[in-house]
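Report on one structure; see the data block that follows.
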There are 2 protein chains.
Amino acid sequence: MIRDLITTKCLYSETIIPYYPVMQKTARKSQPIARPPGRPREFDMDTALDRAVRVFSERGYHATSIGDLTTAMRLATGSVYKAFRDKHAVFLAAFERYVALRQEQTRSAAAKGANGRERLRNMLLSYVAHSQGSEGRRGCLVVGSAVELSAVDPVVAALVSARLETNEGFIAGLIREGQADGSIPRHVAADDTARLMICITQGLRVVGKARLSLDGKRLVAVAMKLLA
Amino acid sequence: MIRDLITTKCLYSETIIPYYPVMQKTARKSQPIARPPGRPREFDMDTALDRAVRVFSERGYHATSIGDLTTAMRLATGSVYKAFRDKHAVFLAAFERYVALRQEQTRSAAAKGANGRERLRNMLLSYVAHSQGSEGRRGCLVVGSAVELSAVDPVVAALVSARLETNEGFIAGLIREGQADGSIPRHVAADDTARLMICITQGLRVVGKARLSLDGKRLVAVAMKLLA
DNA sequence: AACTATAGGAAACACTTGTTCCCTAATATG
DNA sequence: CATATTAGGGAACAAGTGTTTCCTATAGTT
């Protein structure tokens with residue numbers, strides 16, 4: 001019965017030591033502008049979006065307020081709403097910016113390999129690297145969107161699926177390249193292995209957020225057994 | 001320059017067809033109670049928490065309002081705050097409830113195997129199964145917490161890490177069991193393989209949320225190559 | 001049987017949120 | 001040079017948030 005468990009002394013909460021909101025709102029009030037007002041700022045929208053990406057990645061969509069965005073992007077509220085229809089539109093723009101950047105990074109990391117097998121190894125190593133340290137702690141916007149929004153936001157859900165499928169296709173392509181150049185055995189099931197590797201890469205970002213240490217060399221060495 | 005990109009016509013938003021909030025708030029107003037007030041309800045706190053788990057898993061912490069919780073748990077606002085200090089405390093209780101349940105499911109799935117190798121296969125198959133369908137769409141509360149809260153909430157971050165490490169230890173144990181009973185070769189690096197498998201399991205939940213189809217048999221067959 | 005304590009409910013509260021509105025000053029145009 | 005336009009800012013707004021408070025009717029006690 002519920003009244004057996006509910007007590008006036010708040011039974012379920014005695015284990016909680018600190019209270020929830022920890023960081024955030026250090027300088028919510030926008031600092032006084034030093035330049036003459038009306039004078040256009042000296043940065044482009046991409047840098048502003050990069051800053052938005054940082055906030056969205058770290059806190060997620062719902063925990064990021066317009067105030068957080070304006071201070072991060074160094075724009076006033078009105079300016080944000082002149083550039084974007086609403087918060088959701090800012091998020092989508094940030095998402096696309098993030099995806100473009102990450103795709104470039106991943107592809108160029110892979111490109112350094114001599115054959116298909118090496119390109120795959122490089123890609124995995126790059127993923128581990130990005131899942132660690134401060135970037136790892138900040139998190140991946142694709143993973144964050146998948147987890148936080150896919151169930152409730154069909155637009156984001158579609159973007160996320162599309163992104164995962166693109167990545168999976170890229171990996172499957174690398175496997176086939178490796179099979180063509182002889183660095184990966186023919187009997188490896190390209191599509192299944194690619195899907196599992198997508199799981200690995202996304203899982204790396206989750207584990208990286210939990211601050212577990214990730215030894216790239218060793219983890220990738222194990223993962224490469226999937227290509228045996 | 002920012003003014004090159006900012007237009008009064010809202011440049012960045014023309015691709016967005018539907019507007020954001022899609023589901024939620026179908027019956028926010030609590031339905032009139034049919035029973036005499038003051039009469040204790042006929043369910044225990046665990047079922048109420050299970051309902052909370054569903055909401056938190058699906059929408060995440062920040063997107064779940066107290067209103068969502070009260071309708072889901074079928075409790076009035078005051079009752080929730082009599083049982084828990086605040087929303088955060090409800091979340092922690094739901095988290096622990098979820099973890100206990102999932103742990104039981106995973107262990108009992110693994111236990112059906114005859115040797116270490118089979119127990120590992122069963123565990124992986126169970127993870128794939130739980131990452132699919134409606135449960136997959138709802139999502140894993142551990143993954144969700146890791147992604148949404150680990151960076152800003154030290155309490156949740158600690159719970160998540162602890163959970164991942166427990167799981168990893170369990171997997172490493174299964175590997176060692178397999179090595180002892182001869183079903184897994186001695187040269188397999190138990191700890192590294194376990195950490196990679198944690199990535200796979202967490203990644204499965206991410207991919208499952210994105211509604212990509214997951215063929216358990218085939219995916220696990222590929223993953224088992226890690227034990228070669 | 002009268003009384004006390006309290007489980008459970010719902011309205012009120014203070015605050016934050018996303019969004020809009022309007023002002024100002026610099027640029028571009030004629 | 002005078003005028004129209006608009007980038008950018010920030011105050012004001014309404015709706016939603018988490019939380020508190022108080023009420024009521026039951027359950028347990030003497």
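Where a number appears in this text, it was derived from the coordinates with a stated rule and is not lab data. Here the structure is a predicted model, which is why all the values come from computation and not from measurement. Cβ sites come from the backbone with ideal geometry, for glycine too, and all protein chains shown count toward neighbours.
Normalised Debye scattering of segment B:95-227 at q = 0.14, 0.17, 0.18 Å⁻¹ gives log10 I(q)/I(0) of -0.62, -0.90, -1.01, counting only Cα atoms as equal scatterers and leaving out solvent. With neighbours defined as other Cβ atoms within 10 Å of a residue's Cβ, the residues A:PHE170, A:PHE84 order from fewest to most as A:PHE170, A:PHE84. Average 1/r across all pairs of distinct alpha carbons in segment B:129-186, invert it, and you get the Kirkwood radius: 13.4 Å. Based on Cα contacts under 8 Å between residues 6+ apart, segment B:77-170 shows a relative contact order of 17 percent.
Across segment A:106-228, the relative contact order, built from alpha-carbon pairs under 8 Å that are at least six residues apart, equals 36 percent.
For segment B:95-227, a simple Cβ point-charge model (Lys and Arg +1, Asp and Glu -1, everything else neutral) yields a dipole of about 500 debye relative to the Cα centre.
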